[in-house]
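Student: Take a look at the following structure, please.
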Amino acid sequence: MRQAGVIAGVLLLTGVVVAEQGALITGEYIEDRANRVFGCYCEWSGERVTGGKEAILGWRFRTGESTGISLAGVSAAAVVMGEATLSAGNAPRKSILFIDSRASSSQQQAVEQLLREKYGSLLGNILSVHAMPIEFRREAAHAALRIGELVNVELRKAKPIQDALQGAVLWYDPFIPMKESTLGMTVNTRYQGRDFDKQWNMNEPGISGYFGTFEVEAR
C-alpha cells in the first residue's frame, strides 16, 4: 500500500510538471534597436549617451493560451521610445502596441493583456493600441516585421567578424528572455507613424538586434 501511494505521488508530481510545461506560450520574436548590441567600445560609449532611444519589437505566437484564449497564429508589435538609451534598462519610456487585426477581438484583448503583464517595464507607458494587419517572416538567416507603411524591420543573421569593427564585443542581451536567439544585422528599420513626435528610417549597418524564439508562462 505504501509503495502504491509512493507511485501515485510520483505520477501526480509528474502530471503537475507536464501541466506546467503545457501551460507555456511559445513563438517567434524580433527586436531592433537604435544602438548596437554588438560593437566596439567607441560605438558603445557614443551610443550610450546619445543613441539607443528607439526600438521596434515583434512577437508571433505559435502555441499556447492566455486566460483560456488561444493565441496561436496571432502577431503583435511594439514601437518603444525612451528618454535615454533603452539598453540601460531603467530609462523612462513610452510605447505603441500593434495587434494583428486578423485575430478575433478576444485574441486581441488576450494578447494585449499578456504583453502588459509580461513586458510592462519594457514597454513603459503604452500610449495607444492599434489593430492592423501584421506580417512577420522568419527564416534561418533572415527575419522581417512589417505593418503597412508604418513599421518595417528587416534583419539578417549577423557575421560578427565581418560585420563589426575589430575588438567588438557583446554589450546587451535581448530585451526579453529568449529560448534561442540569433544576432541580427540591420537591413532597415522604419517607423512612420504619428503617435510619437519623431519618425525614422535607419539603414546604417550594425549588429543592433536579435531574432529567434521565446516562451513565457501562460496567464
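Student: Given the criterion within 27 Å of Met185 (Cα to Cα), among the hydrophobic types (A, V, I, L, M, F, W, C), modelled with pLDDT under 95 and open to solvent by less than 60 Å² (accessible area, probe 1.4 Å), identify the matching residue among Ala144, Ala91, Ala140.
Tutor: Ala91
Student: Next up: Looking only at the stretch 162-198, count every residue that is of a type in the set (Asp, Glu), more than 19 Å from the chain's Cα centre (by Cα) and open to solvent by 40 Å² or more (accessible area, probe 1.4 Å) and tell me the total.
Tutor: So the count comes out to 2.
Student: Out of Ala141, Ala158, Ala164, which single residue is in contact (Cβ under 8 Å) with a residue 12 or more places away in the chain and under 19 Å from Ser45 (Cα atoms)?
Tutor: It is Ala164.
Student: In the stretch 130-163, how many residues are assigned to a loop (DSSP other than H, G, I, E, B) and within 20 Å of Ala78 (Cβ to Cβ)?
Tutor: Summing the residues that are assigned to a loop (DSSP other than H, G, I, E, B) and within 20 Å of Ala78 (Cβ to Cβ) in the stretch 130-163 gives 5.
Student: Quick one: which of Arg48, Arg62 is part of a strand (DSSP E or B) and open to solvent by 40 Å² or more (accessible area, probe 1.4 Å)?
Tutor: Values: Arg48 fails: part of a strand (DSSP E or B).
When all the criteria are applied, what remains is Arg62.
Student: Anything in the stretch 24-45 that is of a type in the set (S, T, N, Q) and in a helix (DSSP H, G or I)? List them, or say none.
Tutor: If we filter the stretch 24-45 for residues that are of a type in the set (S, T, N, Q), which is where we start, we get 26, 35, 45.
Matches in the stretch 24-45: Ser45 only.
Student: Can we say Leu150 is of a type in the set (A, V, I, L, M) and closer than 19 Å to Gly27 by Cα? Talk me through it step by step, then tell me what you get.
Tutor: Numbers: of a type in the set (A, V, I, L, M): yes; closer than 19 Å to Gly27 by Cα: no.
Here the answer is no, as Leu150 does not meet what is asked.
Student: For the stretch 164-219, which fully contained strands (runs of 3 or more DSSP E) count at least 3 residues that are of a type in the set (Phe, Trp, Tyr)?
Tutor: 207-217
Student: In the stretch 65-85, what residues are closer than 16 Å to Ile30 by Cα and either at pLDDT below 95 or crowded, with 16+ Cβ neighbours inside 10 Å (or both)?
Tutor: Within the stretch 65-85, Val74, Ser75, Ala76, Ala77, Ala78, Val79, Val80 meet the criteria.
Student: Shifting gears a bit: Tell me the residue from Ala110, Ala78, Ala84, Ala91 that is touching a strand residue (DSSP E or B) at 6+ places or on another chain (Cβ under 8 Å) and part of a loop (DSSP other than H, G, I, E, B), please.
Tutor: Ala91
The values are calculated or read from the model by the stated rules, or taken from the named source; none is laboratory data. Keep in mind it's a predicted model, so treat the numbers as computed, not measured. Backbone-built Cβ (ideal geometry, glycine too); neighbour counts: all protein chains shown. All accessible areas refer to the heavy atoms of the entire protein, side chains included, with ligands and DNA or RNA removed. Shrake-Rupley method; radii C 1.70, N 1.55, O 1.52, S 1.80 Å.
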